[in-house]
1. Order 142-149, 170-177 from most to least packed using the mean count of other Cβ atoms within 10 Å.
2. Would you mind putting 58-64, 192-198 in packing order, based on average other-beta-carbon counts within 10 Å, highest first?
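Bear in mind these aren't lab numbers, they're just calculated from the coordinates by the rules spelled out. Remember, predicted model here, so these are calculated numbers, not experimental data. Methodologically, a virtual Cβ is constructed for each residue, glycine included, from the backbone with ideal geometry; neighbour enumeration extends over all protein chains shown.
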């Protein structure tokens, strides 16, 4: 383990010495959460994230962005069932991207990649044939919903003054959100979660790159 840490440190130092720029930032904003079920509707939420970004030569970069997201959505089935879902989750995206200069102080960036999606809490409540449920139901604890999912996501935005950013992002759950055995009992097709984000943030660079190279 010690040798691995030393190797990673040496690689990081060599990359930084090769005219690279490392930055750490934070961002937050609003999110619209949803599900591919034909009866679900988008509902608002919020998110907060940290970002670690390494910009290499020719403005290519890699980023790791631990993110907390709180989202909700409403599901209306064809029968008299209406459920409201509330989810708190942690996401760990690892993206590859590129930047293009729009002006001296504005850079357009775009990236995409996979993300590990860990659902921390998932609750829903609603009505069954007009009768409101007295308590919230926890699908994860009952084994109806998977706690882990794998997302594919994309982000596009602008860097302003090299210290601020405004961006939009989209994530789609690749794996079915609910367990197949549970869905078969109710003759429901597997569904996939997704979210749309709008955010602003700031970040700080640890090394100013030499633009002349």
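1. Values: 142-149: 15.5, 170-177: 17.8.
With the highest mean Cβ count within 10 Å placed first, the list reads 170-177, 142-149.
2. Numbers: 58-64: 15.1, 192-198: 20.6.
Those peptides, ordered most packed to least, come out 192-198, 58-64.
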